[in-house]
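Any read-out appearing in this document is the output of simple, stated calculations on the displayed coordinates, not a laboratory observation. The structure presented is a predicted model; accordingly, all values stated were derived computationally and were not measured. Please note: Cβ atoms are built from the backbone with ideal geometry, for glycine as well, and neighbour counts cover all protein chains shown.
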Amino acid sequence: MTDSKPSYVLLKFVPDRIRFEPINIGVVVEDGDEVITRMASGVDPRVRFADPFADVESIRTFLEGFDARELIGKTGGDSVLRWLGNHEIPNVYVTAPQPISVEAVPLGSVVESLFSRLVDRNFERPPMPSATVSRTVARRALLSAFQAEGVMGSKVSSGVQVRGASGVDWTVDFRFATETVNLVQAASTGLREDVRRKEQAFEAFASLIDTREPGITAILATDALPRENDVSSQIDKIAVAHGIRFVGGRRAFMKLAREVRIDGRLMTDQPEPSLFEPISP
């Protein structure tokens, strides 16, 4: 038997139950036999910060397909909200039901109000100078992949200073050698702000174009697959058109790291092209 008063629960994505850094992804409201589900329309960029290796496709599928109304008739007469709290959903935490005070307000409006306040929150930047755009998410994910394969520091170096053909000094995220010297720049294209993700992608592309020379293989790595957002899709096409290898997403990062473990040379055996000559202050 369902509760007589309308109640709601929050659905929270939890990348790591030990750290427990939940991200609100949806709300379910129940009023008698009426159940309304409101899920986020896309994967919150904070998911990537919390877990660079999160299976974004699975999260997106869950967001698009979950509807608590489908549980009606399967709970054995129990409240849908209590049933949700008592049954495991991978990487999803369900809060305890909370009562709702409704006074002649359509339930749908209540759901939208809860969703807007608890899930679809908008954050404004503080009035301060723009900070330097970093590639934290993608770079951290790729770093973790190299570390997992045991090649970081032995076959892969990071923060390499390179002077481009233009005379501009660049800091390249990663460098390793196989049959050629490989320079890797990472860009986070899953950020909420369109301008920032475009800045990162095209800065990474520009640095690789400027530092190419014979014997150099340029690799542009993004945290998202081309189908996951428009920036990753665009930069994939541009990179390939200019002879730059594109690597997108968690699985591709892990595959690249395995390639380095198998084919990579130890750092002591790696060649030093002219562009790696020390950069004067």
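Please report, in whole Å, how far the alpha carbons of the range 136-276 spread along each principal axis, starting with the longest.
Ordered largest first, the range 136-276 gives principal extents of 41, 35, 23 Å.
Under 16 Å Cα to Cα from LYS255, which lysines show up? Leave out anything in the same chain fewer than 8 places away.
LYS155
Check GLU21: other-chain or 5+ apart residues with amide H under 5 Å from its amide H, H built from backbone geometry?
Sorted by chain and number, the residues that satisfy this are ASP16.
DSSP loop (so not H, G, I, E, B), at most 12 other Cβ within 10 Å: list which trypsin sites (Lys or Arg not before Pro) in the range 154-245 pass both filters.
On the way: sites: LYS155, ARG163, ARG175, ARG192, ARG196, ARG197, LYS198, ARG212, ARG227, LYS237, ARG245; in loops: LYS155, ARG192, ARG212, ARG227.
Counting only loop positions with at most 12 other Cβ atoms within 10 Å, the trypsin sites (Lys or Arg not before Pro) in the range 154-245 are ARG192, ARG227.
Using +1 at the C-beta of Lys and Arg and -1 at the C-beta of Asp and Glu, which of ALA145, LEU183, VAL240 has the Cα lying farthest in the positive direction of the dipole of the range 136-251?
ALA145
Using DSSP, restrict attention to beta bridges with both residues in the range 136-276 and report what percent are antiparallel, rounded to the nearest 5.
The antiparallel proportion sits near 45 percent.
List every residue whose amide H lies under 5 Å from the amide H of VAL247, counting only residues 5 or more places away in sequence or on a different chain, with H placed 1.01 Å from N in the peptide plane.
Here LEU220, ALA221, THR222 satisfy the definition.
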